[in-house]
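Computed from the coordinates by the stated procedures, all read-outs in this text should not be read as laboratory data. This structure is a prediction, so every number in the text was calculated from the model and none was measured. No Cβ is skipped: glycine too gets one built from the backbone with ideal geometry, and neighbour counts run over all protein chains shown.
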Amino acid sequence: MPLIIKDEYPTKLFREDGKRLDGRDKHELRPIKMKVGVIHNADGSAYLEWGNNKVYAAVYGPREVHPHHLAKPDRGILRVFYRMATFSVFDRKRPAPGRREKEISMIITDCLEPVLFLELYPGTAFEVFIDVMDADGGTRCASTTVAALALADAGIPMRSLVTSVAIGRIDGELVTDLSGIEDKAGGADLPCAITWFNEEISLLQFDGDMSLDEINQCLLLAKDAMAKIYQIQLETLKNKYITIQQETTGGGQ
Amino acid sequence: MNIKRIISKIEKNYIIHNLKKEERIDGRGLWEYRNWKIDHDLIASAEGSADVQLGDTHVITGLKYEVGEPFPDVPDEGVCTIMAELLPLASPLFERGPPDEQSIELARVVDRGIRHADCVQTKKLCIKENEAVYILFVDMYVINYAGNLIDAGGVSALVSLISSHVPEGKLVEGNLEWTGKYITGDTIVKELPLVLTYGKIEDMIFLDPNLPEELICEGRMSISVTEDKVTSIQKSGPATFSVDEIKMLCQKSMEIGKKLRKGLDLWQYKVDYK
């Protein structure tokens, strides 16, 4: 594993051969690996490796709401807690959740809520815990993607899955799925998520400067990339049941 | 998924009934561990890491470092601190918020076992006397809780230290410069202290309580041992232990510890960074 001693940014983010520093093409995703049902105690859980990002998500619910005054009489509530491990970043993070983590928890809650039928669960809470064990750029996208998978694994009725990816600009060119170094040294970063039941954008943030045309292009590129990740999500969920089927029928059909 | 805060009387009686016959509900003997599964150096951002599973209990530990000033009473020694976090992701029994008693106990018991065992070579973590030393942070995160976090945490802390690779620095006219080399686990770690936890229900004692056993335990005893010494003991829970029982447990810990140390072969997890 390559090691950095100093947190220095390179001046050029493209190599001589036109590829990105990690050898990817402009719109190539980092390798993605997903697994569901990794945390036995949880009602649903998922694990995602996205490049160097390693994220666990667990869902508990519907269950009692603590503190009680947050409960709503006519519908359930969704609460998402995004946390990063102290060792997941270059400089050790303080153990207590910071402002950044609270904000990301909130935007992920807002992103996932539209796909749930919360009105069916009055007075209860669904709690999604997302813990980032290793971070290398794009953790909010990875977290959203893995949280949707954990919700599905918990068997909670959903309108559809949610998928997320970031598009950014490095050295003047639009690229898909920014790595940590590209995120810090690059010019612009646009993370977004899609709810597949209506194919609309449910998470959107943007930092940097872009022309109108570039923003339009970003959203188109994002949709292409998200469609690829969506397939991996579906495969992962299906594989769980194929495995169960094989175990119960002894490897038969 | 079927974790309860309260174990039913009938289940409790079943566990006790089995223990009386020297049997466990998961088919183990009284002095057997569940299966160990260990992975190392998997977190790219950390300077050493471990992923340890003991049965269904799952702990991920990472090591980070900072360069800071030494304590005035030991000016030539680095510092190694251990923290544990019981993530609410790991069990419905864990709640959000600042560390509670259970996570502090976990961190402290693991810390004491390591601290008193000539394990971390703090003198090797000194950059310049009185001025700069390494401060190592070993942070444990519980991913799934199925009983006996202490033993799993102890091994994961050791594996993170063994797999560590901290950049070597030196002070040149008051400024820190990196030499480009790394201080690795074989320099930092010497002894391998293992912590063994026993549960006690009525007058029955057994190794490595799983979750239902831990929930009905009246008492627990954690004993850290190196190759030839006991380095820390922690008794917790409302049970009492007789002197003979404590003697027996220390004796057992030495025996089982030896076997476990050989079985796990922790030195295989060191990494080479030159």
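Some notes on this structure:
- Selection among A:Ile32, B:Val155, B:Val74 by position relative to the dipole of the protein assembly as shown gives B:Val155 as farthest towards the positive end (Cβ unit charges, Cα centre).
- The convex hull defined by the C-alpha atoms of segment B:46-202 has an orientation-averaged projected area of 10.6 nm².
- Between 0 and 90°, nearest 10: helix B:9-20 axis offset from chain B longest Cα axis: 80
- In terms of overall dimensions, the C-alpha atoms belonging to segment B:149-230 reach 64, 27, 20 Å along their principal axes, ordered largest to smallest.
- A:Glu113-B:Tyr14 FRET efficiency (beta carbon distance; Förster radius 41 Å; 0.05 resolution): 0.45
- Kirkwood Rh and Cα Rg combined as Rg/Rh, segment A:87-135: 1.09
- Look at the dipole of segment B:152-251 built from charges on Cβ: of B:Ser224, B:Thr187, B:Ile201, the Cα furthest out on the positive end belongs to B:Thr187.
- Since only B:Leu42, A:Leu13, B:Phe241 are under comparison, the one whose Cα sits farthest along the positive direction of the charge dipole of the protein assembly as shown, derived from C-beta charges on Lys, Arg, Asp and Glu, is B:Phe241.
- Built amide H within the under 5 Å cut-off of A:Gly44, gap 5+: A:Val59
- Stokes-Einstein D for chain A, Kirkwood Rh over Cα pairs, 37 °C, 0.692 mPa s (µm²/s): 172
- Between B:Ser91, B:Ser45, B:Ser232, the residue with the greatest mean-square fluctuation in the GNM of chain B (Cα pairs under 10 Å linked by springs) is B:Ser45.
- Percent antiparallel among DSSP beta bridges (both partners in chain B, rounded to 5): 85
- Within the protein assembly as shown: Cβ-based charge dipole about Cα centre, in debye rounded to nearest 20 (Lys, Arg +1; Asp, Glu -1): 1080
- Gain in span if fully extended, B:Val243 to B:Glu227, counting 0.36 nm per residue against the direct Cα distance: 3.5 nm
- Gaussian network model of chain A, Cα within-10 Å springs - most flexible of A:Ser88, A:Ser164, A:Ser45: A:Ser88
- Percent breakdown of C-alpha pair distances by 5 Å bin, ordered from the shortest bin, for segment A:90-228: 2, 9, 19, 21, 19, 14, 9, 5, 2, 0, 0
- Computed label-point distance, nm, for sites A:Asp25 and B:Lys235 using a 7 Å Cα→Cβ extension: 6.9
- Helix B:149-162 axis, angle to chain B major axis (alpha carbon atoms, nearest 10°): 20
- Taking the C-alpha atoms of segment B:191-258, convex hull volume expressed per residue in Å³: 79
- Percentage of interatomic Cα-Cα distances in segment A:190-253 larger than 13 Å: 71
- Top of A:Leu237, A:Leu220, A:Leu29 by mean-square fluctuation, Gaussian network on chain A, Cα under 10 Å: A:Leu220
- Within chain B, the proportion of Cα pairs with more than 31 Å between them is 29 percent.
- Per-residue ³J(HN,Hα) for segment B:27-43, Karplus 6.51 cos²θ - 1.76 cosθ + 1.60, θ = phi - 60°, Hz, x for Gly and Pro: x, 7, x, 5, 10, 10, 8, 6, 6, 9, 9, 10, 10, 9, 6, 9, 9
- Using only alpha-carbon positions in segment A:32-162, the gyration tensor eigenvalues give semi-axes of 25, 17, 12 Å once each is multiplied by 5 and square-rooted (largest first).
- Each Lys and Arg Cβ is given +1 and each Asp and Glu Cβ -1; about its Cα centre, chain A then shows a dipole of about 640 debye.
- Our analysis of the protein assembly as shown gives Rg over Rh at 0.99, with the two radii drawn from alpha carbon positions and Rh computed by the Kirkwood formula.
- Only the Cβ atoms of Lys and Arg (+1) and of Asp and Glu (-1) were treated as charged; on that basis the dipole of segment A:1-108 about its Cα centre amounts to roughly 160 debye.
- Those residues of segment B:56-87 whose amide nitrogen sits under 14 Å from the label point placed on A:Asp91, 7 Å along Cα→Cβ: B:65-68
- C-alpha center-to-center spacing [segment B:1-65, segment B:203-266] in angstrom: 15
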